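J.: Starting off with a structure, shown below.
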Amino acid sequence: MAIDAGSIPAARGAYALLVGLCAPWNPGIRSLSDRALAPGLYIYCGSAYGPGGLRARVARHLRVRKPVRWHVDRLTGHGQVEGVAVRIGGHECDLVDAFMARGASVALAGFGSSDCRRCPAHLLAAPGRFDTFSLAAVVNLGRTASAPL
Ligand SMILES: [Zn+2]
């Protein structure tokens with residue numbers, strides 16, 4: 001199912017991407033360990049507080065070809081974005097906490113969190129039997145549940 005970034009609000013806030021890798025992949029970031037990620041599902045947590053908000057940021061993530069600005073650009077240029085969930089007004093580090101409390105684990109220490117002093121990484125390996133509904137459920141904790149995008 002293709003994700004339509006037009007259905008994402010232009011508001012500011014935090015988001016989580018569910019990204020699938022079908023083969024081992026080494027992001028090739030010199031400052032990180034030289035470890036390849038195993039095939040599987042990964043969760044990337046980010047915030048969008050710039051122009052265009054969440055909609056513009058998610059649209060960028062969905063484009064395969066783009067200039068590599070952030071670590072995550074390498075991931076979304078390589079893997080398949082399978083789901084997106086947003087928390088308007090939210091903070092990416094709170095999403096990291098929520099996913100880790102529910103069984104997600106650090107995928108690659110330092111990935112996406114160069115500017116963060118709180119999280120070991122903003123890229124997590126998804127727990128077993130995780131899907132786009134799980135993603136939306138965690139992001140919407142304490143809020144009215146919404147269907148995954
Ligand atoms: Zn963080």
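J.: Could you give me the residue pairs with C-beta distances under 8 Å whose first residue belongs to segment 105-121 and is under 18 Å from Asn26 (Cβ atoms) and free of Cβ contacts under 8 Å to residues at least 40 places away in the same chain, whose second residue is more than 10 Å from the ligand (Cβ to nearest atom) and not aliphatic (A, V, I, L, M) wherever it lies, and which are 6+ apart or on separate chains?
T.: From residues that are under 18 Å from Asn26 (Cβ atoms) and free of Cβ contacts under 8 Å to residues at least 40 places away in the same chain, the pairs are Ala121/Gly110; Ala121/Phe111.
J.: From the set of residues in segment 49-78 that are among the small types (Gly, Ala, Ser) and surrounded by 12 or more Cβ atoms within 10 Å (Cβ to Cβ), which is farthest from the chain's Cα centre (by Cα)?
T.: Step by step, filter segment 49-78, then rank; the result is Gly52.
J.: Just name the residue that is farthest from the ligand (Cβ to nearest atom) out of those in segment 82-113 that are part of a strand (DSSP E or B) and buried (at least 19 other Cβ atoms within 10 Å of the Cβ).
T.: Gly83
J.: Condition (residue is away from the ligand (no atom under 16 Å from the Cβ), without any contact (Cβ under 8 Å) to a residue 24 or more places away in the chain and out of contact with any helix residue (DSSP H, G or I) (no Cβ under 6 Å at 6 or more places or on another chain)) applied to segment 7-24: is it met by at least one residue? So that I can check it myself, show each step before the final result.
T.: Kept after step one, since they are away from the ligand (no atom under 16 Å from the Cβ), are these residues of segment 7-24: 7-12, 18-24.
Narrowing further to those that are without any contact (Cβ under 8 Å) to a residue 24 or more places away in the chain: 23-24.
When the remaining residues are screened for being out of contact with any helix residue (DSSP H, G or I) (no Cβ under 6 Å at 6 or more places or on another chain), the result is 23-24.
Checked against the condition, which is being away from the ligand (no atom under 16 Å from the Cβ), without any contact (Cβ under 8 Å) to a residue 24 or more places away in the chain and out of contact with any helix residue (DSSP H, G or I) (no Cβ under 6 Å at 6 or more places or on another chain), segment 7-24 yields at least one hit.
J.: May I ask you to list pairs of residues, at least six apart or on different chains, whose Cβ atoms are under 6 Å apart, with the first in segment 125-138 being within 23 Å of Pro24 (Cβ to Cβ) and the second being surrounded by 15 or more Cβ atoms within 10 Å (Cβ to Cβ) and among the β-branched types (Val, Ile, Thr)?
T.: Ala126/Ile43
J.: Next question, about the same structure. Scan segment 11-23 and give yes if some residue there is over 24 Å from Arg102 (Cα atoms) and modelled with pLDDT of 95 or more, otherwise no.
T.: Yes, because at least one residue in segment 11-23 is over 24 Å from Arg102 (Cα atoms) and modelled with pLDDT of 95 or more.
J.: Go through segment 4-59 residue by residue and tally those that are in a helix (DSSP H, G or I) and on the phi > 0 side of the Ramachandran plot.
T.: The qualifying residues number 1.
J.: Kindly indicate which of Val72, Val96, Val84 is under 18 Å from Ile3 (Cα atoms), of a type outside the set (D, E, K, R) and in contact with a Ser or Thr (Cβ under 9 Å, 6 or more places away or on another chain).
T.: Exactly one of Val72, Val96, Val84 is under 18 Å from Ile3 (Cα atoms), of a type outside the set (D, E, K, R) and in contact with a Ser or Thr (Cβ under 9 Å, 6 or more places away or on another chain), namely Val84.
J.: Filter segment 120-129 down to residues that are assigned to a loop (DSSP other than H, G, I, E, B) and surrounded by 22 or more Cβ atoms within 10 Å (Cβ to Cβ) and give me whichever is farthest from the ligand (Cβ to nearest atom).
T.: Ala126
The values are calculated or read from the model by the stated rules, or taken from the named source; none is laboratory data. Keep in mind it's a predicted model, so treat the numbers as computed, not measured. Because the Cβ atoms are built from the backbone with ideal geometry, glycine has one as well, and the counts that use them run over all protein chains shown.
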